[in-house]
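Everything below concerns the one structure shown next.
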Amino acid sequence: MRKRNLRLVVVLILMVFGVFDSAAQKKSKDESGTNLKTSPKLVVGIVVDQMRYDYLTRFWNHYDEGGFKRLVNEGYNCKNNHFNYAPTSTGPGHTSVYTGAAPATHGVIGNDWYDKETGLSVYCASDDSYESVGTATDAGKMSPHRMNVTTITDELRLHTQMRGKTIAIALKDRGAVLPGGHTANAAYWFQGADEGNWITSTYYMKELPKWVNDFNTSDAVEKYKKPWNTTKPINTYMESGSDNNRYEGLFETETSPTFPHSTPNLLNKKKDFEIIKYTPYGNSLTTEFALAAIVGEDLGSDAVTDFLAISYSSTDYIGHKYGVNSKEVQDTYIQLDADLEKLLTTLDKKVGKDEYTVFLTADHGAIDVPAYLSDQKIPADYFAYDSIAPKFNAFLQYKFGTANVVKSFSNYQFFLDHKVVKNLDIEIAKAQEIIADELLNYEGIDRVYTGHQMMQNNYTKGIPYILQNGYNQKRSGDVLVVLKPGVISYPRTGSTHGSPQIYDTHVPLLFYGKGIQKGSTVMRTEIPDIAPTIAALLGIAFPNGTTGEPIVKVLE
Ligand code: ZN
Ligand code: ZN
Ligand code: ZN
C-alpha cells in the first residue's frame, strides 16, 4: 500500500515536470491491454529483386530525403539481415518473406526444380489448371499451388473474414503470385513480348477489372519507350566502376555497354516490350501500376487492414546484365529511390501519413562479377557443370555400371534414380556418399553434403545450416554441392545469385510507419522473421509454417 502511494507521488512529480514521456504512456496502454494490436489501414510489402544490403550504404549520398532515406531515418533498419537458406533465388525468396519459413517448410525449393514424382522440371508458379487473363499467351497460367503453407497475406484475409484486401504486383509472375498467397484478391504481372500489358490468371478472376484495362490501354507503357540515360551526370557516379568494361552484357545492336542505352530503337524494331524490364523504367511502370491499384481497389480506405505486395523486378534483370559494380545498377537504384518517394508521398495523401506500415527487403543478394573480382586479385572463377560431366559420368559408369543412377542436376543438387540404385542393391545413403566423395575432387566445388546428412543432423550455423533450411525432405535432391566463395555458374558478364554464401544472403530489411519504432540493429535477423513481425504488429495469426520469430525491437 505504501509502495503504491509512493509510486503515485513519483508519477505526479513526473507529470508536473512534464517528463511523463510517450513511451511510458504506450507501455501502460500495453499493460492494460488496449494496444493488443495495431491496425494500419494498409500494409505495403516491398521486395526489391536482387538488392544487396550495401546498395543502401554505397549509393546513400545520391538518395533524396523521401525514399530509402525516409524509410531508414524514420523507420527501423535491420543491418544484419540474411536469408537462412539456399538456393537464394526469386521464387523461394518471395515465398520465405511472406510465409515466415524457409523452403524446408514451404516447399518452394527453387524457381524451377526437378520434380521427383513426375520426372519433369516444374516452375514454382505455373499451373496448367488455370487460364490466362489479359493475354492470348500462356503467361497467365499461374497459381501459388506449389507453396505448401499460408502467407501473412492469407492470415490477414482469414483474420478479417476476407474483408481486408490483398493485391500483389510485380513484373515477374512469381514476384506477385507467391506474395499474394492462396487467397489474394488479385496478383498482376507484366506480359512484355509484343503486348506490354498487365495480366493475371483465372485463379483470381475471369476478366481484368476496368482500372487494369484502362491502365493497359493508356500510354503508361508507351511513354517508357525512351533511351535510358543516367538521371544525374554520370561523372558524379563515383560509387561504381567505369561504364565501358568487359564485365557487362550488351543489348542487341549495341557495340559497347555504355550510356545512353538506346532501347527504343530496339523496342520498335522488334516490337518487344521485354526490353522495358531491363531498364529502371520497369520499376517506374510497376510503381505507376501500384498507385493505380491503390485507387482502383480502394486500398487503405477503411478501418479493415488491406495489403499491397509490390516486387520490383527490374533491379534483378539489370543486375544480371551489368553486374553489382556497374553504373547501370547505380542509376537503377537512384531511379528506384525516386519511385519509392513517389509511392510514399502518394500513400501519405491517399491513405494518410500515419495510417500505413511498410517493410522493404529483397529476395536475395548478388555476387560481384567474378571476372572483375579476379582482375582485382580476389579469388573468383566460373564453374560449368558441362566441364565436369565427362569425368563424372565415367566415374558413375565405373562405380555403378551405369551413369543412369543420376537423373537430374538442378539448383546445385543431384537427384538420383532411387529405383536404379536399389536394383543395384546399394543403399541410397551409401550411393549419396560415394557420389559426394567423388564430387569433392572437382575444381570449383568447395563442399558436398548428402540428403542423408540433411535428414540425420540438426545443423545450427554456417553453410550446412543454410543448406538444411533449404532442404525439403519430399522435394530436394540427394547430393548438395556448394561452390567456392566467388565461384558461380554463369556467363562472364553480369552478376547472379543462388548460393548459400554471404553475398547472396545479406539483404536490407527496413520497417516504417504505423506501429514501427525508430532505430536500427546489427543483431542478426533472418528473412523468416519478417512475416511473424508483421503478424505480431497486426495481432493476427502467424502463417501456418512460420519458423521465424518476431523482431522485438521493431515493435517495442
Ligand atoms: Zn530475384
Ligand atoms: Zn555500362
Ligand atoms: Zn535473378
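The values are calculated or read from the model by the stated rules, or taken from the named source; none is laboratory data. Every value quoted in this text rests on a predicted model; they were computed, and no experiment measured them. Every residue, glycine as well, gets a Cβ built from its backbone with ideal geometry; the counts of neighbours run over all protein chains shown.
Residues checked against (1) among the β-branched types (Val, Ile, Thr); (2) outside the structural domain of residue 302 (by TED's automatic domain parsing); (3) within 16 Å of ligand 3 (Cβ to nearest atom):
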{"residue": "36", "(1), (2), (3)": "no, yes, no"}
{"residue": "46", "(1), (2), (3)": "yes, no, no"}
{"residue": "54", "(1), (2), (3)": "no, no, no"}
{"residue": "59", "(1), (2), (3)": "no, no, no"}
{"residue": "64", "(1), (2), (3)": "no, no, no"}
{"residue": "67", "(1), (2), (3)": "no, no, no"}
{"residue": "72", "(1), (2), (3)": "yes, no, no"}
Residue 82, sole failed condition from (1) in contact with a Phe, Trp or Tyr (Cβ under 8 Å, 6 or more places away or on another chain); (2) over 28 Å from residue 353 (Cα atoms): (1)
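Would you check which residues across segment 354-368 are touching a strand residue (DSSP E or B) at 6+ places or on another chain (Cβ under 9 Å) and either closer than 16 Å to residue 529 by Cβ or not small (Gly, Ala, Ser) (or both) and list them?
Result: 354, 355, 356, 357, 358, 359, 360, 361, 362, 363, 367.
Can you confirm whether residue 304 is under 25 Å from residue 41 (Cβ atoms) and either part of a helix (DSSP H, G or I) or of a type in the set (Asp, Glu) (or both)?
On the way: under 25 Å from residue 41 (Cβ atoms): yes; either part of a helix (DSSP H, G or I) or of a type in the set (Asp, Glu) (or both): no.
Answer is no for this residue.
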Residues that are modelled with pLDDT of 95 or more and within 29 Å of residue 550 (Cβ to Cβ), drawn from segment 354-372: 355, 356, 357, 358, 359, 360, 361, 362, 363, 364, 365, 366
Helices (runs of 4 or more DSSP H) wholly inside segment 314-403 that include at least 1 residues being under 25 Å from the mean Cα position of the chain (by Cα), surrounded by 22 or more Cβ atoms within 10 Å (Cβ to Cβ) and among the basic types (Lys, Arg): 327-350
Test: residue in segment 485-497 that is surrounded by fewer than 20 Cβ atoms within 10 Å (Cβ to Cβ), within 16 Å of ligand 1 (Cβ to nearest atom) and modelled with pLDDT of 95 or more: yes
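Just need a number here: residues in segment 162-210 that are at pLDDT 95 or above, assigned to a loop (DSSP other than H, G, I, E, B) and over 14 Å from residue 49 (Cβ atoms).
17
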Test: residue 378 is more than 16 Å from ligand 2 (Cβ to nearest atom) and not hydroxyl-bearing (Ser, Thr, Tyr): yes
Residue within segment 109-125 that is surrounded by fewer than 13 Cβ atoms within 10 Å (Cβ to Cβ) and in contact (Cβ under 8 Å) with a residue 60 or more places away in the chain present: yes
Qualifying position, being within 22 Å of residue 96 (Cα to Cα), among the hydrophobic types (A, V, I, L, M, F, W, C) and surrounded by fewer than 20 Cβ atoms within 10 Å (Cβ to Cβ), among 463, 434: 463
Among the candidates 504, 446, residue that is crowded, with 22+ Cβ neighbours inside 10 Å and acidic (Asp, Glu): 504
Some residue of segment 360-368 being away from ligand 3 (no atom under 16 Å from the Cβ) and in contact (Cβ under 8 Å) with a residue 24 or more places away in the chain: yes
Test: residue in segment 526-534 that is crowded, with 20+ Cβ neighbours inside 10 Å, in a strand (DSSP E or B), assigned by TED's automatic domain parsing to the domain that holds residue 84 and of a type in the set (Ser, Thr, Tyr): no
Unmet requirement for residue 407, which otherwise passes all of (1) assigned to a helix (DSSP H, G or I); (2) over 28 Å from the mean Cα position of the chain (by Cα): (1)
Matching residues in segment 399-423 - criterion: being farther than 27 Å from residue 123 by Cα and among the hydroxyl-bearing types (Ser, Thr, Tyr): 402
Meets criteria (in contact with a strand residue (DSSP E or B) (Cβ under 9 Å, 6 or more places away or on another chain), of a type outside the set (A, V, I, L, M) and in the same structural domain as residue 96 (by TED's automatic domain parsing)) for residue 517: yes
Which numbered condition residue 164 misses (of (1) closer than 18 Å to residue 94 by Cβ; (2) surrounded by 24 or more Cβ atoms within 10 Å (Cβ to Cβ)): (1)
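Among the residues of segment 326-347, write down those that are within 16 Å of ligand 1 (Cβ to nearest atom) and either touching a strand residue (DSSP E or B) at 6+ places or on another chain (Cβ under 9 Å) or over 15 Å from residue 232 (Cβ atoms) (or both).
Narrowing segment 326-347 to residues within 16 Å of ligand 1 (Cβ to nearest atom): 329, 332-333, 336.
Hits for segment 326-347 are 333, 336.
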Scope segment 371-397; condition within 20 Å of residue 503 (Cβ to Cβ) and of a type in the set (Asp, Glu); matching residues: 375, 381
Unmet requirement for residue 323, which otherwise passes all of (1) in the same structural domain as residue 89 (by TED's automatic domain parsing); (2) within 16 Å of ligand 3 (Cβ to nearest atom); (3) not β-branched (Val, Ile, Thr): (1)
Residues located in segment 348-376, provided they are among the small types (Gly, Ala, Ser) and away from ligand 1 (no atom under 16 Å from the Cβ): 352, 371, 374
Among the candidates 108, 133, residue that is within 16 Å of ligand 1 (Cβ to nearest atom) and assigned by TED's automatic domain parsing to the domain that holds residue 203: 108
